[in-house]
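Since the structure comes first, as structure tokens, the remarks are kept for the end.
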Amino acid sequence: MKVHGSCHCGLIKFSAEVDPKLTSVCHCHDCQKLTGTAFRLSTPAIAGTFQIESGEPKIYVKVAESGSRRAQAFCPECGSPLFTHGVDNPSAIGLRVGVLDERAQLPPTWQKWCSSAMPWVQDISQLEQAQGNARNS
């Protein structure tokens with residue numbers, strides 16, 4: 001499946017091919033911190049298909065407890081997280097689903113680092129729902 005991504009401000013645009021069956025939710029502490037929320041949704045780009053079409057992302061290298069180094073790419077203007085790759089393996093690119101135009105077509109098929117998941121995240125279907133930002137009263 002062909003996907004198209006861009007940051008919030010539109011400075012950076014990219015495209016890639018993905019296999020929707022590989023979209024995942026990550027509950028690790030790093031993903032929680034790097035997103036500012038409870039988890040991150042990612043999908044791997046098929047090797048050799050990722051292309052930056054405009055802009056130049058800023059790279060932050062996160063060193064995991066294992067010693068593995070992951071490059072985190074984000075927009076230097078608006079801060080949108082865009083993709084990640086191993087420092088030692090830059091061709092294995094994980095795309096951040098939230099910045100993809102086709103995000104509605106990429107539901108996650110598996111979860112990882114569930115031991116770090118927030119206890120409430122598995123079932124939010126019973127929460128009050130609003131179609132905008134106003135709370136129902």
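The values are calculated or read from the model by the stated rules, or taken from the named source; none is laboratory data. Predicted model only: the values in this text are computed from it and were never measured. All Cβ positions, glycine included, derive from the backbone under ideal geometry; neighbour counts span all protein chains shown.
Here are a few things to note about the model shown:
- All positions within the range 5-51 that are in a loop (DSSP other than H, G, I, E, B), touching a Leu at 6+ places or on another chain (Cβ under 9 Å) and either touching a residue at least 60 places away in the same chain (Cβ under 8 Å) or acidic (Asp, Glu) (or both): 7, 12, 23
- Note on the range 1-48: residues that are at pLDDT below 95 and of a type in the set (S, T, N, Q) total 3.
- Residue check, residue 72 of a type in the set (S, T, N, Q), under 23 Å from residue 102 (Cβ atoms) and surrounded by fewer than 14 Cβ atoms within 10 Å (Cβ to Cβ): no
- Just one of the listed residues (126, 122, 131) is assigned to a loop (DSSP other than H, G, I, E, B), surrounded by 10 or more Cβ atoms within 10 Å (Cβ to Cβ) and either modelled with pLDDT under 95 or not charged (D, E, K, R) (or both), namely 122.
- As a summary of the residue check, residue 57 satisfies the conditions (1) within 30 Å of residue 120 (Cα to Cα); (2) over 14 Å from the mean Cα position of the chain (by Cα); (3) crowded, with 18+ Cβ neighbours inside 10 Å except for the one numbered (1).
- Taking each residue of the range 84-108 that is free of Cβ contacts under 8 Å to residues at least 24 places away in the same chain and looking for partners that are part of a strand (DSSP E or B) with beta-carbon atoms closer than 6 Å, six or more apart or interchain, yields 85/71; 85/92; 85/93; 86/92.
- Looking only at residues of the range 68-91 that are of a type in the set (A, V, I, L, M, F, W, C) and assigned to a strand (DSSP E or B), we find that the one that is farthest from residue 8 (Cα to Cα) is 71.
- Residue match in the range 57-67 (condition: modelled with pLDDT of 95 or more, more than 19 Å from residue 1 (Cβ to Cβ), assigned to a loop (DSSP other than H, G, I, E, B) and not aliphatic (A, V, I, L, M)): yes
- Residue within the range 110-118 that is surrounded by 11 or more Cβ atoms within 10 Å (Cβ to Cβ) and under 12 Å from the mean Cα position of the chain (by Cα) present: no
- Qualifying residue in the range 123-136 (condition: polar (S, T, N, Q) and under 25 Å from residue 1 (Cα atoms)): no
- So residue 83, is it surrounded by 14 or more Cβ atoms within 10 Å (Cβ to Cβ), of a type in the set (A, V, I, L, M, F, W, C), under 11 Å from the mean Cα position of the chain (by Cα) and more than 25 Å from residue 122 (Cβ to Cβ): yes
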